[in-house]
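Here the structure comes first, spelled out in structure tokens, and everything after it is commentary.
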Amino acid sequence: MYLSRFLSLHTLWVTVSSVMQHYPSVWGHYDVCKTQIYTEEGKVWDYMACQPEARDMIKYVKVTLDPPDITCGDPPETFCAMGNPYMCNNECDASTQELAHPPELMFDLEGRHPSTFWQSTTWKDYPKPLHVNITLSWNKTIELTDNIVITFESGRPDQMILEKSLDYGRTWQPYQYYATDCLDAFHMDPKSVRDLSQHTVLEIICTEEYSTGYMTNSKIIHFEIKDRFAFFAGPRLHNMASLYGQLDTTKKLRDFFTITDLRIRLLRPATGEIYVDEQHLARYFYAISDIRVYGR
């Protein structure tokens, strides 16, 4: 910090953060910070947008399920193995810790074996739809900084909608639709984020990329925040100043990446085929082992 006493100002053009303080104003919707730096002209103040550190928002989430009794295990029931949909001797029992799959296991530390996960009841009431709403609430406003990632332990749903709220769950807007057949499920042509541009980045799309059935290596669903950032910051996100400039001046864009709540609407479980096998309904259920939401 005190190298400036010995080095010439000419060679010390890089920032020396001898003083940094919060500046009592705002720069657009960002707070403004100022840092004292040394340049060829001498000691000056450099102003910049203050960015709180991005963090794992799941640590602070409150989760609710609708219907509230949709978690398996009360009463105990059997279901089919993840890798073999015809081996139906696995058990879910809420009264036994080793056999229970409560909602909090969507957010526990991963990396353990066997993996832990929340699981719904099976589709025992077919043809009545097996619908589940998983609502994540923070009671504060969050600016998303990375992809939303949902890891399924079951097959990924045939139909699902990711929704967001900006007013603490009073109203909801779709973020993205997911389906094995977008046209049939939601009357939308299938698209991917790669089909978008800077001018269409706010378009709500239906994607078929993440809706396969029983595939052990296909468990993850993304909502691609970074791919949308790339339209403004470049493919490697090197020009974040351009992105922040757009967020600062375009309220619709800023609101798109801002949430107070998320809702995962599971509309149809993975079937792996066109027709539901009514003789083996224990094959069909939802199971989620991990959800990741990063923001500030």
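The values are calculated or read from the model by the stated rules, or taken from the named source; none is laboratory data. Just so it is clear, the structure is predicted and the values come from calculations on it, not from any experiment. Here the Cβ positions follow ideal geometry from the backbone for every residue, glycine too, while neighbour counts run over all protein chains shown. We work out accessible area using only protein heavy atoms, side chains counted, and drop any ligands, DNA or RNA first. Shrake-Rupley method; radii C 1.70, N 1.55, O 1.52, S 1.80 Å.
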Completion exercise
Nearest-0.05 FRET efficiency for Asp74 and Ser115 at R0 = 35 Å, using Cβ-Cβ distance, is 0.95
Exercise for the section: Could I have the simple spin-label model distance between Asp255 and Tyr168, label points 7 Å from Cα toward Cβ, reported in nm to one decimal? Expected result: 1.9 nm
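Past 28 Å, Cα to Cα, is the threshold; run Lys62/Lys226; Lys43/Lys252; Lys59/Lys124; Lys43/Lys251 against it and keep the listed order. Let's see the in-between values first.
On the way: Lys62/Lys226 25 Å; Lys43/Lys252 39 Å; Lys59/Lys124 33 Å; Lys43/Lys251 36 Å.
Exceeds cut-off: Lys43/Lys252; Lys59/Lys124; Lys43/Lys251.
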Handout entry: FRET efficiency estimate (nearest 0.05) - Cβ-Cβ, Glu104 to Thr141, R0 25 angstrom
Key = 0.55
Completion exercise
Taking only the alpha-carbon positions of segment 55-295 as identical scatterers, the Debye log10 I(q)/I(0) at q = 0.10, 0.13, 0.17 Å⁻¹ comes out as -0.49, -0.82, -1.31
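For segment 80-215, with all protein chains present and a 1.4 Å probe, just round the carbon and sulfur fraction of the accessible area to a whole percent. Kindly include the intermediate steps, with their values, before the conclusion.
Working: 3430 of 6800 Å².
Exposed carbon and sulfur together represent 50 percent of the surface.
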Fill in the blank from the handout: HN-Hα couplings for segment 234-249 via Karplus (6.51, -1.76, 1.60; θ = phi - 60°), in whole Hz with x for Gly/Pro, come out as x, x, 9, 6, 7, 10, 5, 4, 5, 4, 5, x, 5, 4, 5, 9
Handout entry: Options Leu243, Ser165, Pro75, ranked by Cα towards positive dipole end of segment 55-295, top entry (Cβ charges)
Key = Leu243
Exercise for the section: Could you do me a favour and compute the accessible area per residue for segment 55-295, 1.4 Å probe, result in Å²? Expected result: 50 Å²
Handout entry: Zone of Thr200's modelled label, taken as backbone nitrogen in segment 160-178 under 18 Å from a point 7 Å along Cα→Cβ
Key = 175-178
Handout entry: Percent of Cα-Cα distances greater than 17 Å, calculated over segment 174-255
Key = 54 percent
Problem - Per-residue HN-Hα couplings for segment 261-272 [Karplus 6.51, -1.76, 1.60; θ = phi - 60°; Hz; x = Gly/Pro] - result: 8, 10, 10, 9, 9, 8, 10, 7, x, 5, 10, x
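Find how much the distance from Thr96 to Ala81 grows on full extension, using 0.36 nm per residue of separation minus their present alpha carbon separation; answer in nm with one decimal. Please report the intermediate quantities before stating the final value.
Details: separation 15, 0.36 × 15 = 5.40 nm, distance 1.86 nm.
Result: 3.5 nm gained on full extension.
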